[in-house]
Amino acid sequence: MSAILILNGGANEHGELNSDTTGRIDLGMRLASLRPAATVIMVGGQSATIMRDFAAENYPEIQTPLVEDQSCDTIESAHNVKLEYLSPDKHQDVSIVTTDYHGRRAGWIFKRILGNGYDIDVHLASSTHSPLLQHKEQVQFAIARLKLLGLKPEDDAKRAQRLSRFRFRDRDNSVANLIQFVDTGLNTRLKA
């Protein structure tokens, strides 16, 4: 079985999808039209429902996508999709749709969490990203590597525990959480 995962690129405070997200949806739905048997899943937090509604309105000929709306970052997205939709043995061919600046990190995260039992390919929508966004992406990639440090694809329970401990929903405490997380990650690595 085949799954197409369209990753959230964000929405504004009024619930309007940004151009990165609509570009991802457009690319993902074009891919879905070429693979009618594939399951399409909108992935990534509260905007995933808005993404599904946008796709249903603009691509009525394609089956309405499923939604993963509990995650707050790409790692949680991969973890939740694996447990809710892909495991066990439901979908082995996984296409990830994201934007060009996010592709490297998203591909690495999904491969790291899903493991070798999945055939993963990444499809990139164009964006108009800035150098600042590119820098932010590099920082987020470093954080992702720390969050997954020492975990194997089959370590679902350990990963869930670690993810719940280091959620960054509370913006006021995100810097303190990050410092604590980096210290924990470095200590773990030094002990290994």
Over all alpha-carbon pairs of segment 1-58, lay out the pair-distance distribution in 5 Å bins, whole %, shortest bin first. 4, 22, 33, 24, 11, 5, 1, 0
Could you list, bin by bin from short to long, the percent of Cα-Cα pairs of segment 1-134 in 5 Å steps? 2, 12, 23, 26, 22, 11, 4, 1
Sequence of 159, 165 once ranked by neighbouring C-beta atoms within 10 Å, starting from the fewest: 165, 159
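Using a 10 Å cut-off on Cβ atoms, rank the peptides 38-45, 101-108 from the highest mean neighbour count down.
Top of the packing list down: 38-45, 101-108.
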Using 0.36 nm per residue, how much length does the chain from residue 135 to residue 84 gain when fully extended, once their Cα-Cα distance is taken away? 15.2 nm
Amide H contacts under 5 Å for residue 70, restricted to residues at least 5 apart in sequence or on another chain and with H modeled in the peptide plane, are 44, 45
What is the fewest-to-most order of 84, 76 by other Cβ atoms lying within 10 Å of their Cβ? 84, 76
If each of residue 58 and residue 149 carries a label point 7 Å out from its Cα toward its Cβ, how far apart are those two points in nm? 4.0
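Just so you know, all these numbers are worked out from the coordinates, no wet-lab data involved. Treat the numbers as computed from the prediction; the structure is a model and nothing was measured. With ideal geometry, Cβ positions are generated from the backbone for all residues, glycine too; neighbour counts draw on all protein chains shown.
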